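One structure is given here, and the rest of the page talks about it.
Every number here is computed from the coordinates shown, using simple stated rules; none is lab data. This is a predicted model, so every value here is computed, not measured. We place every Cβ from the backbone using ideal geometry, glycine too, and count neighbours over all the protein chains shown.
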Amino acid sequence: MKKKQLHSVIITLLIVATLTAQNTPKIPLPTQAQLNWQNAELAALVCWDLHAFDGKFYVQSEARVTPVEDYNIFNPQKYDMDQWIKSLKDGGFKIAILTVSHETGFFLHQSDATPYSMKALKWQDGKGDILRDFKASCEKYNILPGVYIGTRWNSFYGVYDFKVEGEGKFTENRQKHYNSMIEKIVKEIFTKYGDWAIVWFDGGAHGPEQGGPDVLSIFEKYQPNSLFYHNLQRLDMRWGGSETGTVPYPCWGTFPYKSIGAVESAQEAIHANNFALLKTGDPNGNYYIPAMSDAPLRGTGGHDWFWEPNNEHLISPLDKLVNKKKKCLWLM
């Protein structure tokens with residue numbers, strides 16, 4: 001073939017390749033963190049907070065506004081984090097997520113940002129760190145570690161649905177203090193304990209545009225290889241539309257919105273037809289946001305994510321539990 005003809009063929013191929021690339025729709029691809037989560041198939045949500053020690057039945061509406069009378073009720077006598085994580089390993093789980101804080105506002109790690117944390121306890125002379133122990137046990141048993149951070153409710157600081165209750169300058173200053181405190185706490189969790197496979201904000205995470213702390217930028221700076229769940233700007237996985245432990249078939253990994261707050265119409269579309277969009281996804285969606293299917297262990301006539309006294313009869317039977325094989329997030 002002559003040089004001129006060869007150049008002509010190469011140019012033609014380049015033109016065809018360019019046109020093909022321009023006409024080929026962009027296919028959303030999963031990140032490595034999303035692949036790690038999907039390949040794990042089973043994840044356990046380990047729920048622990050101060051109210052698990054008060055011997056009373058947990059009433060959510062009251063707990064969100066009523067501080068725990070004595071935080072030193074946290075005093076586990078037979079604490080063995082290795083035993084917890086080993087049991088998950090033996091059960092086939094590959095991811096575990098710990099609630100480092102929930103609605104009481106108490107943090108289960110050594111925090112310099114809030115006095116309402118493990119440092120305040122008599123237990124282990126104030127030197128205990130549940131998050132540290134959890135991370136170490138996960139590494140010991142080759143379980144991917146995740147952390148669940150509650151910022152939406154904090155009965156100790158009087159925060160309800162992300163906001164400090166009340167009006168006026170005092171409330172405004174208290175809100176600024178709370179937001180700053182949460183940002184410092186999040187930075188502690190993201191910088192002092194190594195990498196996390198998943199970071200889960202309870203009920204989402206309000207950002208500065210909603211009057212809340214800026215947790216997303218801290219996450220993206222210090223945990224860039226983790227899974228973020230979630231706020232109005234970012235959603236790396238989506239709720240599957242129910243807490244039954246199952247999703248319908250097909251359940252597409254693609255989704256039409258970058259996050260639930262991407263556009264104003266997103267909220268309406270997501271809530272329509274009993275969360276149908278969350279359950280099925282969208283085969284033509286431009287974003288890769290797979291669905292999780294979560295369920296509480298005590299799901300037979302109840303809805304308890306934390307241990308409660310005298311309700312063992314609500315634990316789901318084994319035959320029901322073993323049928324929920326995909327992306328289930330179980331209570332420990």
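In order along the range 248-260, phi translates into HN-Hα couplings of x, 10, x, 10, 6, x, 8, 9, x, 10, 5, 7, 5 Hz, rounded to whole numbers, per the Karplus curve 6.51 cos²θ - 1.76 cosθ + 1.60 with θ = phi - 60° and x for Gly and Pro.
Spin-label model, Asn310/Arg132: points 7 Å from Cα along the beta carbon direction are separated by 3.9 nm.
For the range 45-117, what relative contact order do you get, as a whole percent, if you take Cα pairs closer than 8 Å and at least 6 residues apart? Relative contact order, the range 45-117: 43 percent.
Annotation: amide H of Leu144 within the under-5 Å range of Ile95, Ala96, sequence separation 5 or more or interchain, hydrogens built in the peptide plane.
On the beta carbon distance between Asp90 and Glu167, with R0 = 45 Å, the FRET formula returns roughly 0.30.
Quote the relative contact order of the chain in percent (integer), defining contacts as alpha-carbon pairs under 8 Å separated by 6+ residues. Computed over the chain, the figure is 18 percent.
Helix screen, the chain: DSSP H segments with Cα axial length of 24 Å or more and mean Kyte-Doolittle hydropathy at least 0.5 are 3-23. Kindly flag which residue pairs out of Lys163/Lys279; Lys140/Lys187; Lys89/Lys140 have an alpha-carbon separation exceeding 22 Å in this structure. Pairs exceeding 22 Å: Lys163/Lys279; Lys140/Lys187.
The stretch between His177 and Gln124, if pulled fully straight at 0.36 nm per residue, gains 16.2 nm over its current Cα-Cα span. For Val159, the residues 5 or more places off, or on other chains, whose built amide H falls under 5 Å of its own are Asn154. Residues whose amide H comes within less than 5 Å of that of Phe107, counting only those at least five positions distant or on another chain, are Ser117, Met118 (H built at 1.01 Å from N in the peptide plane). For the pair Glu209 and Lys187, the difference between a 0.36 nm per residue extended length and the Cα-Cα distance amounts to 6.0 nm. If both residues of a DSSP beta bridge must be in the chain, then about 25% of such bridges are antiparallel.
Shape call for the chain from the C-alpha gyration tensor, a ≥ b ≥ c root eigenvalues: rounded (a/c under 1.5), prolate (a/b greater than b/c) or oblate? Taking the square roots of the gyration eigenvalues as a ≥ b ≥ c, the chain is prolate. Computed from the Cβ-Cβ distance with R0 of 56 Å, the FRET efficiency linking Gln83 to Phe275 stands at 0.95. Working from Cα pairs under 8 Å separated by at least six residues, relative contact order for the range 83-219 is 26 percent. Couplings 3J(HN,Hα) of the range 193-206, computed from phi: 10, x, 7, 10, 6, 9, 10, 10, 9, 4, x, x, 9, 5 Hz, in residue order, whole Hz [Karplus 6.51 cos²θ - 1.76 cosθ + 1.60, θ = phi - 60°; x for Gly and Pro].
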